[in-house]
Amino acid sequence: MIKPPFKILKSHLVDAFFITAEKLYREFKEPLGMVDRFRSGRIYFLVKRRKARFSSARLSKRCQIVFKYTSQGMLSRPHKVDIAQLIHGAPTINRKYFPTPAHLQSMIEYVDSANEYERLLKRDPLVAAVMPGSGEKERVDRAIAYHFLTPADPLPKDENRHIIFAHQLLRVTDDVPEKYEVMYIGKAMELSDRMHGHKRVQQAQAECEDDAEVYLYFFTPRFEAIESSDGRILKQPSDYLALGEESLVLAAEAGLINHFSPEMNVQNKTTDLRKSKVMARVRSLKYTHFISECNFDEHDYAFETTKISKSGVHEKIYSL
């Protein structure tokens with residue numbers, strides 16, 4: 001409990017977004033740069049998770065992705081996921097006509113070619129279709145591609161080609177990895193910083209066990225402040241805005257590093273933040289405390305390190 005008088009600056013993380021490292025490259029590089037949560041991300045975590053790989057994956061005649069995980073070994077059972085379940089949330093789907101994935105699934109047919117879909121449209125001008133994608137032969141263990149064809153977009157092309165990675169189906173099958181270990185925390189103020197291969201990514205991947213891999217998590221930090229001289233009358237100072245975005249992001253980064261103490265970080269890991277240069281400008285504005293918060297209620301954000309127990313709720317109060 002913080003006793004008055006106090007002046008508190010607080011940071012919390014929003015717009016959470018995560019990818020596998022390979023999505024920084026190849027055909028994903030350009031579309032990734034257009035994702036708002038990626039572009040606005042200022043704080044990133046390198047997180048070690050168990051590998052998610054297919055032992056088999058195919059698009060079935062029933063318009064389902066049928067697959068098995070290698071991690072389940074000889075006991076692996078086939079999972080089945082309706083295509084509609086994966087695409088129903090897309091902005092191109094009119095939920096007035098398709099209020100549930102089941103409604104959409106009933107209007108999808110399987111085809112092997114664009115010519116087959118063309119013949120199908122002559123019989124039913126409103127039907128949609130899926131057909132197997134192409135170009136994924138070099139990573140069949142981790143991704144499956146398909147085209148989603150509609151009367152308005154009847155030809156297979158990049159715009160209607162969907163690539164589903166094994167890790168994206170973990171939630172659907174409720175096969176949740178047991179560990180989300182934060183290995184490194186950093187900041188990225190420019191889009192180019194997020195797009196270029198980071199030496200820390202390569203180092204983290206090299207230090208992973210054979211059954212693990214690195215995921216990149218991006219977050220946008222938000223800030224708020226509150227002060228009181230007696231604990232009853234509360235004010236919301238805005239002078240912290242004068243610090244500028246980069247100084248605020250540095251403060252958020254320092255608080256998170258100091259809390260999690262990730263293996264690969266060096267600066268701010270064991271530092272007393274009251275003596276750190278990062279917090280000097282915050283202290284100059286007479287702030288008495290800084291609160292670092294990282295709270296999420298989804299499995300994919302239940303973080304831990306060798307020093308911090310696994311949880312979706314992380315908060316630390318620093319006296320300045």
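Accessible area, 1.4 Å probe, largest first: how do Ile226, Ile291 sort?
Numbers: Ile226 55, Ile291 20 Å².
If we order Ile226, Ile291 from most to least accessible, we get Ile226, Ile291.
Roughly speaking, what is the stretch gain from Thr100 to Lys61, that is 0.36 nm per residue apart minus the C-alpha to C-alpha distance, in nm to one decimal?
On the way: separation 39, 0.36 × 39 = 14.04 nm, distance 2.09 nm.
Separation in residues times 0.36 nm, less the Cα-Cα distance, equals 12.0 nm.
What is the antiparallel percent of DSSP beta bridges lying wholly in the stretch 53-173, to the nearest 5?
Working: 19 of 22 bridges.
Percent antiparallel among DSSP bridges in the stretch 53-173 is about 85.
List the extent of the Cα atoms of the stretch 252-313 along each of their three principal axes, largest first, rounded to whole Å.
Cα spread of the stretch 252-313 along its principal axes, largest to smallest: 39, 23, 13 Å.
Report, as a whole number in µm² per second, the diffusion coefficient that Stokes-Einstein gives for the stretch 53-173 at 4 °C and 1.567 mPa s using the Kirkwood radius over alpha carbon pairs. Could you put the intermediate results ahead of the total?
Numbers: Rh = 15.0 Å.
Estimated diffusion coefficient is 87 µm²/s.
Could you tell me the accessible area of Glu118 in Å² (1.4 Å probe, neighbours in place), rounded to the nearest ten?
Approximately 100 Å² of Glu118 is accessible to the 1.4 Å probe.
Under the 0.36 nm per residue contour assumption, what length would be gained going from the current alpha-carbon distance of Gln168 and Ser311 to full extension? Intermediate results must be reported in sequence, preceding the final value.
Numbers: separation 143, 0.36 × 143 = 51.48 nm, distance 2.10 nm.
The Gln168-Ser311 span can extend by a further 49.4 nm.
Between Rg and the Kirkwood Rh of the chain, both from Cα atoms, what is the Rg to Rh ratio? Please list the in-between numbers first.
On the way: Rg = 23.7 Å, Rh = 22.3 Å.
Rounded to two decimals, Rg/Rh equals 1.06.
For the chain, list the DSSP H helices whose alpha carbon atoms reach 15 Å or more along the long axis and whose average Kyte-Doolittle value is 0.5 or above?
Working: long enough: 245-260 (22 Å, 0.62).
Both cut-offs are met by 245-260.
Of all the accessible heavy-atom surface of the chain, with the other protein chains kept in place and a 1.4 Å probe, what percent is carbon and sulfur? Can you show the working numbers first?
Working: 8640 of 17090 Å².
So the carbon and sulfur contribution to the accessible surface is 51 percent.
Averaged over every viewing direction, what's the projected area of the C-alpha convex hull for the stretch 84-148? Give it in nm², one decimal, please.
Average projection, Cα convex hull of the stretch 84-148: 5.2 nm².
For the stretch 130-183, count all C-alpha to C-alpha pairs, find those more than 16 Å apart, and express that count as a whole percent of the total. Before the final figure, lay out each step's value.
Numbers: 799 of 1431 pairs.
That fraction is 56 percent.
Among the lysines, select those whose C-alpha is under 18 Å from the C-alpha of Lys61, and discard any that sit fewer than 8 residues away in the same chain.
Reachable lysines: Lys80.
Please report the accessible area of Val66 (heavy atoms, 1.4 Å probe, ligands and nucleic acids excluded) in Å², nearest 10.
20 Å²
Exceeding 31 Å between C-alpha atoms, which entries from my cross-link table qualify? They are Lys199/Lys275; Lys157/Lys310; Lys3/Lys179; Lys23/Lys277; Lys48/Lys316. Let's see the in-between values first.
Numbers: Lys199/Lys275 29 Å; Lys157/Lys310 42 Å; Lys3/Lys179 37 Å; Lys23/Lys277 35 Å; Lys48/Lys316 23 Å.
Lys157/Lys310; Lys3/Lys179; Lys23/Lys277, as the Cα separations exceed 31 Å there.
From the helices alone, meaning DSSP H stretches of at least four residues, give me the mean residue ellipticity at 222 nm for the chain, per-run term -39500 (n - 2.57), in deg cm²/dmol to the nearest 500.
Details: 10 runs with 66 residues, N = 320.
That calculation yields -5000 deg cm²/dmol at 222 nm.
Report for the chain the percent antiparallel among DSSP-assigned beta bridges with both residues inside it, nearest 5.
Details: 55 of 64 bridges.
Antiparallel: roughly 85 percent of the beta bridges in the chain.
Which value, in Å², gives the accessible area per residue of the chain when a 1.4 Å probe is used on the protein heavy atoms?
Working: 17090 Å² over 320 residues.
That works out to 53 Å² per residue.
Using the Cα atoms of the stretch 152-300, I'd like the radius of gyration and the largest Cα-Cα distance, Dmax, both in angstrom.
Answer for the stretch 152-300, Rg first and Dmax second: 20.3, 68 Å.
The values are calculated or read from the model by the stated rules, or taken from the named source; none is laboratory data. Just so we're clear, the structure is a prediction, and the values are computed from it rather than from any experiment. What goes into the accessible areas is simple: the full protein's heavy atoms, side chains included, and nothing from ligands, DNA or RNA. Shrake-Rupley method; radii C 1.70, N 1.55, O 1.52, S 1.80 Å.
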